[in-house]
């Protein structure tokens, strides 16, 4: 504390602003109040001290200025840019619903990466941890892969979306996909081509390919039994129709279910999901049906998918891979040896002779 002291006798003045000493009457030195504390400078110093307290970043140089230093965050940001560009009418898009889903999922992914890096973000810290489960990156990655198809066109959008998807998958593969508890162990691609499932897989491939074909021609005029292209008619693909992204994502979901390992436990209701997707896809193609290559090929590919979906709903899908015995061969061989080692039961004396 700053004291006002007499230079002659050393007495401390009770009032700092006294001009003469109360003890000896000598003239007191000029009082100089202490400098006021600059709050802004104090906050800046505290911020600087906190920055110095944090360990210096030693990761890759290209991630130094990325939020949370995470490739996943960078990938999600690329997805957001691609969705923002879809506002332009001449660029591809996935519709308002799936755009909102991706934006919400991207926010959760970024919040999860901030939490994993022990960093704070005032815009995302309010999101509860219960909304950031370990399965979130798997769902978001699958959605990003599925939406890559509607984004395919001659523009910068597919490059942004593909780049973002690769960054997310590459970063999350070692975090949630790999390892003994990783989600990658739940899937086996070969399971999708076993038994009748190969028909569904081929049908899904045909349906996805058909979405790139022409479904209708804008400006076409019907005249009796003939159809003539109107002036300036523009071919419209399946991906440009309403709800096409929902149908495409549903077909990709069926493909993912076909890749589940047979031994993976799953709820009973999951076997009805393919049938539900088939109903939506069938209604959609009938509503948009025209005598064009796209809808005809799509409907043809839908037939084997629907057949397998019905078998799965009835619980008749193959539970074991084709050609594999319903029980373990080693266990069966041991059982036969045990029966061979057992002594035959003694014959009844009345049965002999």
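Just checking, how many residues over the range 201-215 are more than 17 Å from residue 241 (Cβ to Cβ) and under 25 Å from the mean Cα position of the chain (by Cα)?
Residues that pass the stated criteria total 3.
Working only within the range 270-295, note down all residues that are more than 15 Å from residue 246 (Cα to Cα), over 29 Å from the mean Cα position of the chain (by Cα) and free of Cβ contacts under 8 Å to residues at least 60 places away in the same chain.
Of everything in the range 270-295, those that are more than 15 Å from residue 246 (Cα to Cα), over 29 Å from the mean Cα position of the chain (by Cα) and free of Cβ contacts under 8 Å to residues at least 60 places away in the same chain turn out to be 286, 289.
For the range 142-159, name all the residues that are more than 17 Å from residue 245 (Cβ to Cβ) and assigned to a helix (DSSP H, G or I).
159
Confirm whether residue 59 is on the phi > 0 side of the Ramachandran plot and at pLDDT 70 or above.
So residue 59 fails the test.
Among the residues that make up the range 110-133, is at least one of them under 24 Å from residue 238 (Cα atoms), in a loop (DSSP other than H, G, I, E, B) and touching a helix residue (DSSP H, G or I) at 6+ places or on another chain (Cβ under 9 Å)?
No - not one qualifying residue is present in the range 110-133.
The values are calculated or read from the model by the stated rules, or taken from the named source; none is laboratory data. In this text, all values refer to a predicted model and were calculated from it rather than measured experimentally. Every residue, glycine among them, receives a Cβ derived from its backbone with ideal geometry; neighbour counts consider all protein chains shown.
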